[in-house]
Amino acid sequence: MRISEGQCRELIKKAMAARENSYSPYSHFRVGAALLCGDGSIFTGCNIENRAYGPTNCAERTAFFKAVSEGRREFTAIAITGGEEETVWCYPCGVCRQVMAEFCAPDAFEIICARSEEEYKVYTLHELLPEMF
């Protein structure tokens with residue numbers, strides 16, 4: 001793990017807080033994400049559903065799009081939490097992985113999938129998306 005355990009726990013905590021803002025009336029599956037930028041700033045996001053489904057946006061992409069729209073282009077790590085219970089592992093979907101590939105170094109960017117601040121798994125982007133565009 002390249003980021004410190006303290007940074008990891010901070011990102012998880014912020015992702016869990018972002019999950020509280022989820023708009024998920026259809027799936028009832030709330031997701032939060034916290035994205036660490038190269039300059040140390042953190043952008044959060046939650047999933048935002050739409051009854052037409054296509055306009056739905058994942059928490060990870062929400063965080064990335066907020067950061068990019070504010071001029072950030074360098075990213076270190078993202079923490080993702082999903083569901084209501086600490087029994088669920090939540091991983092980024094394929095579309096989110098491809099968005100990460102647009103902006104992140106495959107062997108350096110870390111993806112933290114967390115059940116809680118104490119229980120999490122860390123992957124590189126390359127591990128979760130080995131054959132990216």
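Worth a mention:
- Any helices (runs of 4 or more DSSP H) falling wholly within region 20-133 and containing at least 1 residues that are acidic (Asp, Glu), surrounded by 12 or more Cβ atoms within 10 Å (Cβ to Cβ) and within 14 Å of the chain's Cα centre (by Cα): 59-69
Each row is one residue, and each column tells you yes or no for (1) of a type in the set (Val, Ile, Thr); (2) out of contact with any strand residue (DSSP E or B) (no Cβ under 8 Å at 6 or more places or on another chain); (3) under 18 Å from Pro55 (Cα atoms).
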site: Ile3; (1), (2), (3): yes, no, no
site: Gly6; (1), (2), (3): no, yes, no
site: Lys14; (1), (2), (3): no, no, no
site: Phe29; (1), (2), (3): no, no, yes
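- Total residues in region 66-90 satisfying the condition of being at pLDDT 95 or above and in contact with a strand residue (DSSP E or B) (Cβ under 8 Å, 6 or more places away or on another chain): the figure is 12.
- A single member of Cys113, Cys104 is of a type in the set (A, V, I, L, M, F, W, C), out of contact with any Lys or Arg (no Cβ under 6 Å at 6 or more places or on another chain) and without any contact (Cβ under 8 Å) to a residue 60 or more places away in the chain, and it is Cys104.
- If you check Thr44, Thr76 for being within 15 Å of Gln7 (Cα to Cα), in contact with a Phe, Trp or Tyr (Cβ under 8 Å, 6 or more places away or on another chain) and among the polar types (S, T, N, Q), only one passes: Thr76.
The values are calculated or read from the model by the stated rules, or taken from the named source; none is laboratory data. Source: prediction; values computed, not measured. As a convention, Cβ positions derive from the backbone with ideal geometry for all residues, glycine included, and neighbour counts pool all protein chains shown.
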